[in-house]
Amino acid sequence: MGIDRYTKFVLTVIAAALVANVAQDYVLPAQAAEVQRVSICSTSGATCASVSGSSGLQVKVSNARDFAR
């Protein structure tokens, strides 16, 4: 009788997880309240990159060892 209760419990947990998985498709996704501005600057802070319009940001890595951690 203990095995029967265990099996019913496990199947109920699986069913609940499947229902929750399907319900995720019907919940509205979260959206940001505002845009966070970010500055990309040199390590000394002397110069920063500029981005204009929708052209994107062109990046040139002069020494990859500067970014290794």
Is there any pair with a first residue in region 27-56 that is part of a loop (DSSP other than H, G, I, E, B) and a second that is at pLDDT 75 or above and loosely packed, with under 10 Cβ neighbours inside 10 Å whose Cβ atoms are under 8 Å apart and which are 6 or more apart or on different chains, and what are they? S39/C48; I40/C48; S42/C48; A49/S39
Only one of (1) modelled with pLDDT of 75 or more; (2) surrounded by 10 or more Cβ atoms within 10 Å (Cβ to Cβ); (3) aliphatic (A, V, I, L, M); (4) assigned to a loop (DSSP other than H, G, I, E, B) is not met by L18, so which one is it? (4)
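The values are calculated or read from the model by the stated rules, or taken from the named source; none is laboratory data. Predicted, not measured: the structure shown is a model, and the values here were computed from it. When we count neighbours, we look across all protein chains shown, and the Cβ atoms used for this are built from the backbone with ideal geometry, even at glycine.
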